[in-house]
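Colleague: I'd like to ask some things about the structure below.
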Amino acid sequence: MATLIAPSHYSPVEDAEALQKSFKGWGADDKAIIAILGHRNFDQRQKIRKAYEELFQEDLIKRLESEISGDFERAVYRWMLEPADRDAVLANVAIKNGSKDYHVVVEIATVLSAEELLAVRRAYHNRYKRSLEEDVAANTTGHLRQFLVGLVSSFRYEGDEINAKLAKTEANILHESVREKKENYEEVIRILTTRSKTQLVATFNYYKDEHAISISKKLLDQTSDDFHKALHTAIRCINDHKKYYEKVLRNAIKKLGTDEDGLSRVVVTRAEKDLKDIKELYYRRNSVHLEDAVAKDISGDYKKFILTLLGKQD
């Protein structure tokens, strides 16, 4: 369930005019920006952006970029983008940042549906005049390159059918590769980049039943290199992406100095999808409400905006 609280009745023209008014004077009225954009769903935000351009002959996103700054600006900017375009930007930034951010590419490729991932690849074409897989391949090598290119190029079947025999066979293949630490990971890459998520979950479940340990926990012993880290992230995202995102939030907040990129990424991308469920998982895992943990860790307009997207009422 989503956390976004959006009104059923609103006026794109009135919102555009109020935003333009908030830009006047010495510094933007950040409170007004949050009150409007933090309470509008994607369709409403797009209509406000269109109304703003028609009224004032300028792009609202570009104006926001010039009026606000820092973590607040980055979060608002990504919130305003069309979801596929936003994921294209996140993927591009992750690729540029190299090994420390490859998990973001894995998240996008494994959490999204086949059609959503295809839309991200189209958005990447339009924005960067290159393909996502081209940039991934140019910035990686070896098994990591094979795996990431396979993930972002995938168009998985999304039916509920499960082949139990295949799950058993492929669970054993995964076990042999992980246990033996084989140099040949071709089969692991093939399985994880081509099978449906439903089939893969059945394979992971069989692995756990047979070996009394989850494959993601087994991989933790070997996550020293980027390839194994990417494998671990993919398996966690496919198995239960909400639990995965809860851990991203927990790690973002527990760090010495908040990981604002991780915090913003999860809140902004999941606020209209399943952030409420992720919040509940966070509370069960940490015995503290996510809003309270966030409120203690960040400050200013960025804090107000993130708390608004988390559904916190003023």
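The values are calculated or read from the model by the stated rules, or taken from the named source; none is laboratory data. Note that this is a predicted model, so its numbers are computed, not measured. Please note: Cβ atoms are built from the backbone with ideal geometry, for glycine as well, and neighbour counts cover all protein chains shown. For accessibility, only protein heavy atoms count, side chains too; no ligands or nucleic acids. Shrake-Rupley method; radii C 1.70, N 1.55, O 1.52, S 1.80 Å.
Colleague: Apply the a/c threshold of 1.5 to the C-alpha gyration tensor of segment 12-68 and tell me whether it is rounded, prolate or oblate.
Modeller: Numbers: a/c = 1.67, a/b = 1.23, b/c = 1.36.
Taking the square roots of the gyration eigenvalues as a ≥ b ≥ c, segment 12-68 is oblate.
Colleague: Give me the one-decimal Kirkwood hydrodynamic radius in Å for segment 83-153, with the sum taken over alpha-carbon pairs.
Modeller: It is 11.6 Å.
Colleague: I'd like the Karplus ³J(HN,Hα) series for segment 146-152: coefficients 6.51, -1.76, 1.60, θ = phi - 60°, whole numbers in Hz, and an x wherever there's a Gly or Pro.
Modeller: Couplings: 4, 5, 5, 5, x, 5, 6 Hz.
Colleague: Right, something else. If R₀ is 30 angstrom, what is the calculated FRET efficiency for the pair Glu280 and Gln57, using the beta carbon separation as r and rounding to 0.05? Write down the numbers at each step before the final one.
Modeller: On the way: r = 45 Å, r/R0 = 1.48.
Working from the Cβ atoms, E equals 0.10.
Colleague: Starting from the Cα-Cα distance between Arg179 and Lys247, subtract it from 0.36 nm times their residue separation and give me the gain in nm to one decimal.
Modeller: Extra length available between Arg179 and Lys247 comes to 21.9 nm.
Colleague: If you don't mind, there's one more thing I want to ask. Rounded to the nearest 0.05, what FRET efficiency is calculated for Lys31 and Val288 with R0 set to 30 Å and r the Cβ-Cβ distance? Don't skip to the end; give the middle numbers.
Modeller: Working: r = 27 Å, r/R0 = 0.89.
The value I calculate is 0.65.
Colleague: In Å², and per residue, what accessible area does segment 213-293 have when probed at 1.4 Å with the other protein chains present?
Modeller: Averaged over the residues of segment 213-293, the accessible area is 45 Å².
Colleague: Using only the alpha-carbon atoms, how far is helix 164-180 inclined from the longest principal axis of the chain? Give it as 0 to 90 degrees, nearest 10.
Modeller: Rounded to the nearest ten degrees, it is 90.
Colleague: Still on this model: Sort His103, His175, His9 by heavy-atom solvent-accessible area, probe 1.4 angstrom, most to least.
Modeller: Per-residue accessible area, sorted high to low, gives His9, His103, His175.
Colleague: Using the Karplus equation 6.51 cos²θ - 1.76 cosθ + 1.60 (θ = phi - 60°), what ³J(HN,Hα) coupling, rounded to whole Hz, does each residue of segment 51-58 give in order, writing x for Gly and Pro?
Modeller: Ordered by residue, 3J(HN,Hα) equals 4, 4, 5, 5, 6, 10, 6, 8 Hz.
Colleague: Most fluctuating residue of Ile108, Ile162, Ile253 in a GNM of the chain with Cα springs under 10 Å: which is it?
Modeller: Checking each option, the largest mean-square fluctuation is seen for Ile162.
Colleague: Let me know the shape class of segment 242-310, please: from the alpha-carbon gyration tensor, a ≥ b ≥ c as square roots of the eigenvalues, rounded when a/c is under 1.5, otherwise prolate if a/b is greater than b/c, or oblate.
Modeller: Rounded, because the longest to shortest axis ratio a/c is under 1.5.
Colleague: Within segment 131-164, what residues put their amide N at less than 19 Å from the label point 7 Å along the Cα-to-Cβ vector of Lys96?
Modeller: Label zone hits: 131-140.
Colleague: If contacts are Cα pairs under 8 angstrom and at least 6 residues apart, what is the relative contact order of segment 242-310 in percent?
Modeller: Reported relative contact order: 34 percent.
Colleague: Using a 1.4 Å probe on the protein heavy atoms, what percent of the accessible area of the chain belongs to carbon and sulfur?
Modeller: Answer for the chain: carbon and sulfur cover 48 percent of the accessible area.
Colleague: A follow-up question, please. Of Lys47/Lys304; Lys129/Lys217; Lys254/Lys304; Lys96/Lys279, which pairs sit farther than 28 Å apart, going by alpha carbon to alpha carbon?
Modeller: In this structure, Lys129/Lys217; Lys96/Lys279 lie more than 28 Å apart at Cα.
Colleague: Hey, what angle do you get for helix 12-22 against the long axis of the chain, alpha-carbon based, 0 to 90 degrees rounded to 10?
Modeller: 70
Colleague: Something else about it: Counting each DSSP H run of 4 or more residues in the chain as -39500 (n - 2.57), what helix-only mean residue ellipticity at 222 nm follows after dividing by all residues, to the nearest 500 deg cm²/dmol? Intermediate values should be presented prior to the final figure.
Modeller: Values: 19 runs with 229 residues, N = 314.
Only helices count here, giving -22500 deg cm²/dmol.
Colleague: Where a ≥ b ≥ c are the square roots of the eigenvalues of the C-alpha gyration tensor, would you call segment 164-224 rounded, which needs a/c under 1.5, or, failing that, prolate if a/b is larger than b/c, or oblate?
Modeller: Oblate.
Colleague: Hey, another quick one. Quick one: Karplus J couplings for segment 35-42, per residue in order, coefficients 6.51, -1.76, 1.60, θ = phi - 60°, nearest Hz, x for Gly and Pro?
Modeller: Values, residue by residue: 4, 8, 5, x, 10, 10, 6, 4 Hz.
Colleague: A follow-up question, please. Tell me the angle of helix 300-309 to the major Cα principal axis of the chain, expressed in degrees between 0 and 90 and rounded to the nearest ten.
Modeller: The helix 300-309 is inclined about 70 degrees to the chain.
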